[in-house]
């Protein structure tokens, strides 16, 4: 009897130990704590983006922002302050009423495959209700694109991130390995690491939705005219847009981060010409200020608004020609519609002076000069 009791007790202890061990393993290997271990979970971080979209073609992990956290576990894969589920395109079609946003992550009902049900046509079908969003069609998905709309303004700037959070000016929040906790979100924008998100402008309050200045269409980082004033953000930030399509001309992106390579060395620098504390691209009542020489007035940078990024003067300026009627500058003919004006070639390689008026004073002076010369010639012959 005693031996049987001891045997039963031993079995109970082994079962309890096994349960505790299995619980520990599940917790340890369930990154998003949704009850589905990562090996069976097709969305390890519960951001609505399946792991297959966040890994390399060979199945290996990739770390787009080099912060030490692989994209499949990183809620902000490019460290631009905008969370992957905000940039993926899923939030445009998914019904978030059944979800809870907790510390930047999503919590809700998941199927046996670990994917949040609202992102699938039916639970566990692996058929998503959306395609990964690439707003500017540059081949880089928004969740890894530092300039999702290709208007020359980095996403973190259009989100309102403090300039001081990007000391190396690479269009990413400073987040060296070890400073992003377990969620991949830069600690700088979390009041409590891994437990809150995300205070972008340093006012002590979490900014729960991406900035949308015109309160219509898309957030600023996906909107080439953020204030809906009819002037593209690119022009209002001091850039050039020869073809008038609102995106960077001659786009080049050798490193695949979605940001035009030239903008790291020479970022755009918009101004606040009317002094109301908002930069031109998000101020519907402000237009680009161009002086008589045609150069952007860059002497009015915001110094006291912590939500604005304080860039250097690039020398870029809006290229506009009145009466062009939308024709790209390179295709627009020069019009000779005034007398006595200096006309320059499109590349400023030459000039000419045209005049259609008759100058009587000049004619009188010419006749007088001829008369004086004739009189002096007559006197010289008499002597």
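No lab work stands behind these numbers, since they all come straight from the coordinates. Only a predicted model underlies this, so the values are computations on that prediction, with no experimental measurement involved. No Cβ is skipped: glycine too gets one built from the backbone with ideal geometry, and neighbour counts run over all protein chains shown.
So the values come out like this:
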{"quantity": "Gain on full stretching of the segment that runs from residue 131 to residue 56 - 0.36 nm per residue minus C-alpha separation", "calculated": "25.2 nm"}
{"quantity": "Residue 29 versus residue 217: modelled label distance in nm, points set 7 Å from Cα along the beta carbon direction", "calculated": "4.8"}
{"quantity": "Estimated distance in nm for a label pair at residue 39 and residue 203, the labels positioned 7 Å out from Cα along Cα-to-Cβ", "calculated": "4.8"}
{"quantity": "Mean Cβ neighbour count within 10 Å, used as a protection proxy, ranking 50-63, 72-85 highest first", "calculated": "72-85, 50-63"}
{"quantity": "Residues listed by number, segment 249-264, amide nitrogen under 14 Å from residue 66 label point at 7 Å toward C-beta", "calculated": "255-257"}
{"quantity": "Simple spin-label estimate for residue 367 and residue 170 in nanometres, 7 Å along Cα-Cβ", "calculated": "7.9"}
{"quantity": "Listed peptides 115-128, 140-153 by packing density, highest first (mean Cβ within 10 Å)", "calculated": "140-153, 115-128"}
{"quantity": "Per-peptide average of other Cβ atoms within 10 Å, ordering 248-257, 29-38, 156-165 highest first", "calculated": "156-165, 29-38, 248-257"}
